[in-house]
Amino acid sequence: MSDASINASTLREDEAGFGDYFALLKPRVMSLVVFTALVGLLAAPTPVHPMVGFCAILFIAIGGGASGALNMWWDADIDRVMKRTRGRPIPAGKVEAGEAMVLGLALSGFAVIMLALATNILAGAFLAFTIFFYVVIYTMWLKRATPQNIVIGGAAGAFPPVIGWIAATGDMAIEPWLMFALTFMWTPPHFWALALFMRSDYDDAGVPMLTVTHGRPATRTHILVYTALLALLAVGAAFSGLGGPVYLAVALVMNALFLRGAWRISRRDETASEADNFRAERSFFKLSLLYLFLHFGAILAEAVLKPFGLGGW
């Protein structure tokens with residue numbers, strides 16, 4: 001094989017493929033955006049044509065992916081430092097940072113305009129604000145400025161069900177904001193649990209997560225407090241227009257488990273945590289993923305059952 005063919009082969013191996021560009025969109029985060037937005041859309045009292053609903057969820061998903069690409073563009077420097085993120089397309093050398101920025105901006109504009117055309121201007125405006133909030137308010141400002149980064153920045157991830165509801169109805173109501181509040185209050189304990197066993201990453205990158213600025217003991221207390229407040233909100237929502245017997249059953253069981261997990265974490269010291277490689281903290285983090293999925297799944301179940309006289313109170 002000639003030197004030229006070897007060089008060409010090497011270049012081909014280093015070139016970004018479709019999977020690398022798709023990874024820029026943070027598909028796992030996008031799946032959460034899609035699911036909660038879909039629940040918001042289907043829980044709304046206004047029937048939506050299937051094609052309109054499909055387009056709405058598609059453009060919301062694209063907007064969420066665009067936010068992810070812009071986040072990776074801005075955070076490329078710290079992603080190179082953190083073990084959890086150094087395999088992402090930009091720090092891995094697969095995609096240039098400028099390419100991620102262009103992709104994110106292009107998809108943002110496309111998603112906002114198409115959602116407004118497919119549904120209504122208010123939904124498009126809320127999607128635009130959500131992208132702005134995640135990229136500018138959270139990524140560019142809060143993430144590196146304050147240990148409250150994930151508390152305030154969590155609003156960005158809480159907007160999709162509101163956008164889904166507005167896409168269906170064209171107006172506001174209390175129910176989508178309850179879904180917003182559920183996700184908003186869930187975000188801090190979810191990410192702080194991750195930060196407990198990934199603290200070295202944030203230390204190395206200089207990101208002021210609560211575990212870095214206040215230490216793990218304070219973070220454990222914060223997780224317990226936020227989980228208690230979340231439980232009150234989640235169970236209380238069962239008696240709103242979103243709730244019913246299915247949701248109440250899920251909320252009671254999951255919040256009991258979540259509170260137990262938060263209490264266990266709050267009682268642990270660093271010696272015990274390091275001895276078992278943060279087993280309780282990792283378990284709580286995994287439970288947090290199931291927690292949100294089951295709550296929104298129960299909201300969806302209540303919405304599906306209502307036309308048959310089985311959902312709601």
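A Förster radius of 41 Å combined with the Cβ-Cβ distance from Arg86 to Phe54 puts the calculated FRET efficiency at roughly 0.70.
Order Tyr202, Tyr21, Tyr134 by their accessible area, 1.4 angstrom probe, all chains in place, largest first.
Working: Tyr202 10, Tyr21 80, Tyr134 50 Å².
From most exposed to least exposed: Tyr21, Tyr134, Tyr202.
Highest mean packing first, where packing is the average number of other Cβ atoms within 10 Å per residue, the peptides 49-56, 238-245 line up as 238-245, 49-56.
What is the calculated FRET efficiency for Val136 to Tyr21, with r their C-beta to C-beta distance and R₀ = 22 Å, to the nearest 0.05?
On the way: r = 23 Å, r/R0 = 1.03.
My answer for the efficiency is 0.45.
Computed about the Cα centre, the dipole magnitude for the chain is approximately 840 debye when only Lys and Arg (+1) and Asp and Glu (-1) carry charge, each at its Cβ. Relative contact order, whole percent, for the stretch 133-231 stands at 29, derived from Cα pairs under 8 Å and 6 or more residues apart.
With the Cα gyration tensor of the chain giving a ≥ b ≥ c as the square roots of its eigenvalues, does the rule (a/c under 1.5 for rounded; else a/b larger than b/c for prolate; else oblate) give rounded, prolate or oblate?
Working: a/c = 2.07, a/b = 1.15, b/c = 1.80.
Here the chain falls in the oblate category.
Packing, as the average of other Cβ atoms within 10 Å across residues, places the peptides 153-166, 211-224 in the order 153-166, 211-224, highest first.
Glu15 contributes about 120 Å² of solvent-accessible surface, heavy atoms of the protein only, 1.4 Å probe.
Just subtract the alpha-carbon distance of Arg264 and Leu252 from 0.36 nm times their residue separation and send over the number in nm, one decimal. Don't jump to the answer; show the numbers that get you there.
Numbers: separation 12, 0.36 × 12 = 4.32 nm, distance 1.84 nm.
Roughly 2.5 nm would be gained on extension.
Using the rule -39500 (n - 2.57) for each DSSP H run of four or more residues, divided by the residues of the chain, the 222 nm mean residue ellipticity is -23500 deg cm²/dmol.
With a cut-off of 8 Å between alpha carbons and a minimum separation of six or more residues, what is the relative contact order of the stretch 223-269 in percent?
Details: 25 pairs, mean separation 23.7, N = 47.
Relative CO of the stretch 223-269 lands at 50 percent.
Nonpolar atom fraction for the stretch 173-313, defined as the carbon and sulfur part of the 1.4 Å probe accessible area, stands at 68 percent. With contacts taken as Cα pairs under 8 Å and at least 6 residues apart, the chain reaches a relative contact order of 18 percent.
Take each peptide in 293-302, 254-263, count the other Cβ atoms within 10 Å of every residue, and average; sorted highest first, the result is 293-302, 254-263. Label sites at Ala106 and Thr271, each approximated as a point 7 angstrom past Cα along Cα to Cβ, lie 5.8 nm apart. In the context of the full set of protein chains, the chain has a per residue accessible area of 46 Å² (1.4 Å probe).
The values are calculated or read from the model by the stated rules, or taken from the named source; none is laboratory data. Keep in mind it's a predicted model, so treat the numbers as computed, not measured. All Cβ positions, even for glycine, are placed from backbone atoms using ideal geometry, and neighbour counts span all protein chains on display. Accessible surface areas use protein heavy atoms only, side chains included; no ligands, DNA or RNA. Shrake-Rupley method; radii C 1.70, N 1.55, O 1.52, S 1.80 Å.
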